[in-house]
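A quick write-up on the structure given underneath.
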Amino acid sequence: MRSLAIASALLLAGCASVPAEVSTAPAAPAAEAAKPPVALQYLYGSPEAAVAVRAVNARIADYGVWRIKERPKDSVVLAPGAGVDAPAFEPCGDKPFAAVFDADETLIWNLGPMRHFAEKGTAFDVKVWDQWEKSGAGKAVAMPGTVEMVNTLRAAGITVIANTNRSAANAKGSEDTLHAAGLGEFKHGETLFLMGDDAGGSSKDPRRATIASKYCVIILGGDQLGDFSQQFNAKDLPAAQRMALATSPAATALWDKGWFLFPNPVYGPWEKLGWDDAFPSDKQWEPQ
């Protein structure tokens, strides 16, 4: 998911932050990192990540082919006003089938800018990312197993749609990037939905509703919980409640059964977690 969350993620992963004091001396160029930060090594370079991602794509392909054999009554897009913990879904009727995916770190890995930011020791830069959206075709790669998954879904008659927070102003660049990665044709407003297409801003809920009004969405895929419902990204939602919502019985019934989550340790809302969020205080241990 392309969002400003990448900024703090890259800082967390080891990129340079803005110094607290201002110096009058000429700024020294940022030292190049000796090797990528650990999170980037894992996601983009490890066989462990490649196997995990390919497994998610294989489950998606198998699920899609199986699911259309039974004409589902409802899609997997939450109906307006429905809660993740008490879900209701957009009805399918006789609408054609679709699978809806985030783009960045879900269909493609953004190797170009992620290396640039990490190698140069710089934080996320909106202007650099804007250039990437416009001219990154051929420098992003399809994630392991994605080409096969997309082709399997299309062959089964399922329309593949991207719903991403890339900018609508750079639609042509995103179309070209997905095509150059071997993922076929995506057309803005039809099979590619972008931030700026409506008044929803970074929330994908309005775009999902638009898609669900035309399609029976049987699959949602993403690397962030906001790729499934903006309720997970509610302002000031405590970490414990976010965890409880994502692991509630209602949500659990959807994971790998219409909702498919890809691993992404590089950036996400979880970057704000504190020690007690990740390590419960009653489990603290010290060697003697």
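The values are calculated or read from the model by the stated rules, or taken from the named source; none is laboratory data. On a predicted model such as this, the values are computed, not experimentally measured, just so you know. Positions of Cβ are generated from backbone atoms using ideal geometry, with glycine treated the same way; all protein chains shown enter the neighbour counts.
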Qualifying positions in segment 45-73 - among the hydroxyl-bearing types (Ser, Thr, Tyr) and outside any helix (DSSP H, G or I): Ser46
Selection from segment 205-239 of residues that are of a type in the set (Asp, Glu), in a loop (DSSP other than H, G, I, E, B) and closer than 19 Å to Glu105 by Cα: Asp223
First in segment 263-279 and at pLDDT 90 or above, second anywhere and part of a loop (DSSP other than H, G, I, E, B), Cβ under 6 Å, 6 or more apart: Asn264/Glu105; Asn264/Asp223; Gly268/Gln224
All positions within segment 193-222 that are more than 25 Å from Ala246 (Cβ to Cβ) and touching a helix residue (DSSP H, G or I) at 6+ places or on another chain (Cβ under 6 Å): Leu194, Gly196, Asp197, Asp198
Inter-residue pairs, beta-carbon under 6 Å, first within 18 Å of Gly200 (Cβ to Cβ) and without any contact (Cβ under 8 Å) to a residue 40 or more places away in the chain and in segment 71-84, second of a type in the set (A, V, I, L, M, F, W, C) and part of a strand (DSSP E or B), 6+ apart: Ala79/Phe89
Residue ID - farthest from Val65 (Cα to Cα), chosen from residues in segment 97-112 that are touching an Asp or Glu at 6+ places or on another chain (Cβ under 9 Å) and not in a loop (DSSP other than H, G, I, E, B): Asp104
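So which residues in segment 250-288 are more than 23 Å from the chain's Cα centre (by Cα) and not in a loop (DSSP other than H, G, I, E, B)?
Trp275, Asp276, Ser281, Asp282, Lys283
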Listing of helices (runs of 4 or more DSSP H) fully contained in segment 122-204 that carry 3 or more residues being under 18 Å from Gly221 (Cβ atoms), in contact (Cβ under 8 Å) with a residue 60 or more places away in the chain and not polar (S, T, N, Q): 146-155
